1. Of G174, G210, S71, which is farthest towards the positive pole of the chain's charge dipole, taken about the Cα centre with +1 and -1 on the beta-carbons of Lys, Arg and Asp, Glu respectively?
2. What's the Kirkwood radius of the chain in Å, using all Cα pairs?
3. Students often check this: by mean Cβ neighbours within 10 Å, which of 145-156, 89-100 ranks highest, and how do the rest follow?
4. Taking springs between alpha-carbon atoms closer than 10 angstrom, which of A32, A64, A135 fluctuates most in the Gaussian network model of the chain?
5. I'm a student and want to see the number: the projected area of the Cα convex hull of the range 126-218, averaged over all directions, in nm².
6. Rounded, prolate or oblate: which fits the range 20-141, taking a ≥ b ≥ c as square roots of the Cα gyration tensor eigenvalues, rounded meaning a/c under 1.5, else prolate when a/b beats b/c?
7. When a/c is below 1.5 the answer is rounded, else prolate if a/b is larger than b/c, else oblate, so apply that to the range 1-88 with a ≥ b ≥ c taken from the square roots of the Cα gyration tensor eigenvalues.
8. Determine which lysines satisfy two conditions relative to K4: a Cα distance under 25 Å, and not lying fewer than 8 residues away in the same chain.
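Only the coordinates and a few stated rules stand behind these numbers; no lab work does. The model shown is predicted, which means the values in this text are computed figures rather than measured ones. Don't worry about glycine lacking a Cβ; one is built from the backbone with ideal geometry, like all the others, and counts go over all protein chains shown.
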Amino acid sequence: MSSKALVLLSGGQDSATCLAIACDSGVESVQAVTFDYGQRHRIEIEKAQTLVGIAGVPIRVINAGFIGELSQNALTNFDQEISQKPGELPSTFVPGRNLFFLSIAGVIARQAGIERVYIGVCETDFSGYPDCRSAFIESAQRSINLAMETRITIATPLMYLTKTETVQLMAQQGKLAWYAEIHTCYEGQVPACGQCPACQLRLKGFKGAGVVDPLPYQ
Ligand code: ZN
């Protein structure tokens with residue numbers, strides 16, 4: 001295994017779990033990258049910074065505002081409603097997001113001699129995002145390596161885990177307290193609303209694992 005790892009950190013539950021896995025993987029060093037792409041919840045960037053503080057790893061915040069400017073979606077266009085119509089991608093889908101993120105991460109990894117890049121994508125709790133599927137990740141890994149003459153592995157340890165299994169994994173690693181720092185709520189409320197689809201999914205994961213969510217709710 002490569003002796004260095006890079007973690008794409010969104011400040012959410014899955015990427016925080018990836019950070020924990022990377023820190024526990026026995027590599028020599030871990031670093032993180034987060035993207036400022038004009039997302040609805042700016043708190044995500046602060047949460048990412050808090051998490052790396054706890055983990056004791058450095059982070060780079062990359063300005064990727066152009067991603068939000070390129071398309072109309074509910075994550076970067078605050079007037080647009082968060083919704084999903086049958087047969088359509090959710091309004092929160094940001095076209096190209098993970099492709100841009102991974103390409104940028106590939107350049108950072110290449111510069112720093114990193115051969116393992118973690119991304120917390122997951123097919124199991126299927127959100128309808130095509131750039132979270134394993135077929136895309138395999139293709140992105142191949143493209144990045146062809147484009148940059150690198151031997152980067154894109155690690156997706158959560159790809160086939162349920163939210164409950166993710167919570168269990170963090171419990172095993174003794175890092176459940178990290179989840180108290182993570183913003184999940186789609187409504188962006190602090191304390192979290194506990195009602196929106198994101199809060200519901202999170203709470204279901206904790207319930208399934210028989211673990212109390214450390215996050216304050218309304
Ligand atoms: Zn919520």
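1. The listed residue farthest towards the positive side: G174.
2. 17.6
3. 89-100, 145-156
4. It is A135.
5. 7.4
6. prolate
7. Judged from the Cα gyration tensor, the range 1-88 comes out prolate (a/c at least 1.5, a/b above b/c).
8. Reachable lysines: K47, K175.
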